[in-house]
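The values are calculated or read from the model by the stated rules, or taken from the named source; none is laboratory data. Computed from a prediction, not measured in an experiment: that's the story for all the values here. Cβ: placed from backbone, ideal geometry, glycine included. Neighbour counts: every protein chain shown. Heavy atoms of the whole protein, side chains included, go into the accessibility calculation; ligands, DNA and RNA do not. Shrake-Rupley method; radii C 1.70, N 1.55, O 1.52, S 1.80 Å.
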Amino acid sequence: MKIRLASVLVAIALWAAISALMTPEVLPGPLLTTQTLIADIAAGNVMTHLGMTLWRVIGGLVLAMLIGVPLGVFMGLYYRVERALDLWVMIGLTIPSLCYALICFIWLGLNEVATIVAIGITGAPSIAINLWEGVKSIDTKLVNMARVFEANRVLIFRRVILPQVLPYVMASVRFGLGVIWKIAVLIELIGRPNGVGFQLFYWYQLADMTQVLAWTLLFTIVMLIIELAILKPIEGRLFAWRPRVNL
């Protein structure tokens, strides 16, 4: 905890030092950026825009997991499925998120359904690849040993396979959340009348660097809260059985 706090303080100090060499129009300092963010929150519109972005992120993440997890698991378990889909997963990964957004907006209209579908489809290939590699790394020797002891399939899945796959599921959630957050902001920038991405684009058009950094600071803080207050505790409870490696 002390090391993490020290790294944050060093980053803030470096930001302040660099901003002191420039004008606020080019790079406002951390104090001015924080004051601007507080003023925006006091004005009353921040939570509305943030809430819309979080709703799109959660919806997109759920859709991406519903698509990516089964896809990755089946590709890891079955060779024929892997050979049939690996090329298409890589194609899906390389197509820019902007293309998915434009296609969904043309097909479904400028609405929330199109936004969430675009976010989910864009994030699904990354999650699928993560689970695909995770399932392929399952230690088959442990599975065979469980069979020797006449464990049934349910027990083998619960006690042998699931503990080996869960870390990859958790990594997929964390990685997918980071990717989907960025995708959501981009899609809001081009096709929605609200959200953090909309606000960033609005202040960009006005060339207001302080506001751009204030909104960037806002979603950075939110992502850190999600990571430290939600994902880390869940990970700690799920994997409390794993021994810590100390070198």
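Segment residue 88..residue 237, full-extension length gain: 50.1 nm, with 0.36 nm per residue of separation and the alpha-carbon distance subtracted. Pair-distance distribution P(r) for the stretch 138-247, from all Cα-Cα distances in 10 Å bins starting at 0: 12, 28, 23, 16, 13, 7, 1 percent. Distance between the modelled labels on residue 39 and residue 229, one decimal in nanometres: 2.6 nm (7 Å Cα→Cβ projection).
The slack in the chain from residue 153 to residue 137, taken as 0.36 nm per residue of separation less the alpha-carbon distance, amounts to 3.9 nm. Here the chain has 72 percent of its accessible surface on carbon and sulfur atoms, given a 1.4 Å probe and all protein chains in place. Surface exposure of the stretch 42-237, expressed per residue as accessible area with a 1.4 Å probe, stands at 55 Å².
Mind giving me the FRET efficiency for residue 5 and residue 78? R0 is 51 Å, r the Cβ-Cβ distance, nearest 0.05 is fine. Display every interim value, and only then the final one.
On the way: r = 47 Å, r/R0 = 0.91.
According to the calculation, E is roughly 0.65.
Protection proxy ranking for 93-105, 125-137, using the average of other Cβ atoms within 10 Å per residue and placing the highest first: 125-137, 93-105. For the chain, the equivalent ellipsoid built from the Cα gyration tensor has semi-axes of 39, 25, 14 Å, listed from largest to smallest.
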